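Take a look at the structure below.
Laboratory data are not the source of any read-out in this text; all were calculated from the coordinates shown. If you're wondering where the values come from, they're calculated on a predicted model, not measured in any experiment. Cβ placement follows ideal geometry from the backbone for every residue including glycine, while neighbour counts extend to all protein chains displayed.
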Amino acid sequence: MPTPKRLHVITWGCQMNAYDSARMADVLAPLGYAPATAPEDADMVILNTCHIRDRATEKVFSELGRLRVIKAARAEAGRPTILAVAGCVAQAEGAEILARAPYVDIVLGPQTYHRLPEMVAQASRAAGAVINTDFPAESKFDHLPDAAAAQTAGGLTAFLTIQEGCNKFCSFCVVPYTRGAEASRPAASILAEARRMVAGGAREITLLGQNVNAWHGEGAGGTLAGLLTALAGIPGLIRLRYTTSHPRDMDAALIAAHASLPQLMPYLHLPVQSGSDRMLAAMNRRHTAAEYLDIVGRLRAARPDLAMSSDFIVGHPGETEADFEATLQLIREVRFAQAYSFKYSQRPGTPAAGAPFQVAEAEKDRRLQALQDLLRSQQAAFNASCVGLTVPVLVTGPGRHPGQIAGRAPWLQPVHLTAPAALIGQEIPVCIVAAHTNSLSGEFLKEKACA
Ligand code: SAH
Ligand code: SF4
Ligand code: F3S
């Protein structure tokens, strides 16, 4: 029996990082590591980092400064701590992390965490710090324990990474450098993991990938549409989602799957970044605004209740007022239910970082404000349009107040209602009675429709 130890994982960044954090915990469980809620109680702390925007690296070093104090206090009490930095900043900075923070024991990239046990053994022998930021030939997915079910037990909604990396090289983005080239897992291994998740209680699975709809793994016809169809055949799996997609890979079969698979939720996150063709070209997005609108039109024809979400960047190098206005125009045409928007942030090593005509910070602030005002009003309008509808709600847990339960609408909004806790885990018909900024209130229906 391994000696019981405690692990604390701090996760920043995207859902794929959250998935990776759970898998790192799986890999370390056989070594005796159980979860700790605070770094003060942990024999090992992993900081799983993100490099996508802003002062990502500075944020990592400032958090490491805090962890250093905790590690020193524990050492004084005779309790050593292994400190690991994982994720996209680890991949990008590598040895620089050890140079600036020599108290770090392990630096590992997103593709090597299946080798954590060796790295931990090496670090505990005090053989010096360990760096592993390779892109190994073997896939980490083939070397992970079948513990996904244990991790998601009791979790009704689960995330499952099916694809990683990116070959698109958008001008502004670090992901192709930190996550490496596109790689898809085989269908058989994804289906097996999904079945384990469902056996562990999952009712909804969200497939994850930096370019999830570029999935082209072995089996299931090699397309995401084929994979979704196979997953829809798993008994007990009542909801499917996938994120994040690229417009270029939104093929006809995938659009048709939105019409034919009732499990596929009528909500799609499809980043567009800009509504200006000039900017889309500068960003190397390889589609036009009209092509994006055409995809949205075909999706809505396939599934009329489909709601759209997206990502936007304001102030990419060269963006003029007219380009920005084209983005607002695209937003008015699509009417988004939800969206994320960011000021362009220069990422070292990316093509846009060195481009001339960087937009002034104050101008980026102004554009972001205007964009977010418009998106907020669309979100409010979308939520208001849900009032009076009967919607299926997957009840995920207790609500904020006694006697309340909470769940998710098909379009991802949290729904609060007064109903028995025994309904947790079920999908129930709910009449939406009020809309708030980020959530809905509903009434549980014994009948199947609003009165
Ligand atoms: N793979 C996805 C998203 C990856 S990153 C896609 O292709 O869309 C998530 C979002 O972060 C991006 O959609 C983009 O809007 C934003 N983003 C990425 N790099 C950025 C940068 N340098 N500055 C500002 N926002 C950025
Ligand atoms: Fe980044 Fe573009 Fe790849 Fe998305 S498609 S991860 S934005 S390079
Ligand atoms: Fe961040 Fe890496 Fe995800 S840069 S958004 S953690 S892929």
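Pull out the extension gain between Thr320 and Ala192, defined as 0.36 nm times the separation in residues minus the alpha carbon to alpha carbon distance; nm, one decimal.
Taking Thr320 through Ala192 to full extension adds about 41.2 nm, to one decimal.
Could you tell me which helices of the chain pass both thresholds, a Cα extent of 15 Å or more along their own axis and a mean Kyte-Doolittle hydropathy of at least 0.5, with helices taken as whole DSSP H runs?
187-199
Give a residue-ordered list of calculated ³J(HN,Hα) values for segment 79-93 (Karplus: 6.51 cos²θ - 1.76 cosθ + 1.60, θ = phi - 60°; whole Hz; x for Gly, Pro).
Karplus values, whole Hz, x for Gly and Pro: 10, x, 10, 8, 10, 10, 10, 10, x, 6, 6, 4, 5, 6, 9.
Would you calculate, for the chain, the mean residue ellipticity at 222 nm contributed by helices, counting each DSSP H stretch of 4 or more residues as -39,500 (n - 2.57) and dividing by all residues, to the nearest 500?
Result for the chain: -10500 deg cm²/dmol, rounded to the nearest 500.
Above 13 angstrom, tally the Cα pairs of segment 215-271 and express them as a % of all pairs, no decimals.
It works out to 60 percent of all Cα pairs.
If you check each cysteine of the chain for another cysteine whose beta-carbon is under 4.7 Å away, which ones come up empty?
Cys14, Cys50, Cys88, Cys166, Cys386
Quick one: which residues, 5 or more positions from Leu440 or on another chain, have an amide H under 5 Å from its amide H? H modelled 1.01 Å from N in the peptide plane, none for Pro or chain starts.
For Leu440, the qualifying residues are Val415, His416.
Rounded to the nearest 0.05, what FRET efficiency do His401 and Ile10 give with R0 = 35 Å and r taken as the Cβ-Cβ distance? Could you check?
The pair His401/Ile10 has a calculated efficiency of 0.70.
Pop the C-beta distance of Glu96 and Asn167 into the FRET formula with R0 = 22 Å and round what comes out to the nearest 0.05.
0.25
How many percent of Cα pairs in segment 267-371 exceed 22 Å?
Cα-Cα pairs of segment 267-371 separated by over 22 Å account for 29 percent.
How many Å³ per residue does the convex hull of the Cα positions in segment 390-444 occupy?
64 Å³
Per 5 Å bin, what is the whole-percent P(r) computed from every C-alpha pair distance within segment 84-224?
Whole-percent P(r) values from 0 Å outward: 2, 10, 16, 17, 18, 16, 12, 7, 3, 0.
From the C-alpha coordinates alone, can you work out the Kirkwood hydrodynamic radius of the chain, in Å?
Here the Kirkwood hydrodynamic radius works out to 23.5 Å.
Please list, ordered by chain and number, the residues whose modelled amide H lies under 5 Å from the amide H of Tyr340; skip anything fewer than 5 residues away on the same chain.
Counting only residues 5 or more places away or on other chains, the set is Ser310, Asp311, Phe312.
To one decimal place, what Kirkwood hydrodynamic radius in Å is obtained for segment 5-132 from all pairs of distinct Cα atoms?
14.3 Å
Positive end of the charge dipole of segment 5-132 (Lys, Arg +1 and Asp, Glu -1 on Cβ, about the Cα centre): tell me which of Ala72, Ala29, Gln91 has its Cα farthest that way.
With unit charges placed on the Cβ atoms, the residue in question is Ala72.
How large is the convex hull of the Cα atoms of segment 140-385 per residue, expressed in Å³ as a whole number?
Each residue corresponds to 129 Å³ of Cα convex hull volume.
So, with +1 on the Cβ of K and R and -1 on the Cβ of D and E, and no other charges, what is the size of the charge dipole of the chain about its Cα centre, to the nearest 20 debye?
That gives the chain a dipole magnitude of about 580 debye.
When only Cα pairs under 8 Å and 6 or more residues apart are kept, what is the percent relative contact order across the chain?
Over the chain, the number comes to 9 percent.
Would you please state the base-10 log of I(q)/I(0) at q = 0.12, 0.16, 0.21 1/Å for segment 211-319, with intensities from the Debye formula using one equal scatterer on every alpha carbon?
Values returned for q = 0.12, 0.16, 0.21 Å⁻¹ are -0.44, -0.73, -1.13.
Kindly work out what percent of the DSSP beta bridges joining two residues of the chain are antiparallel, to the nearest 5.
30 percent
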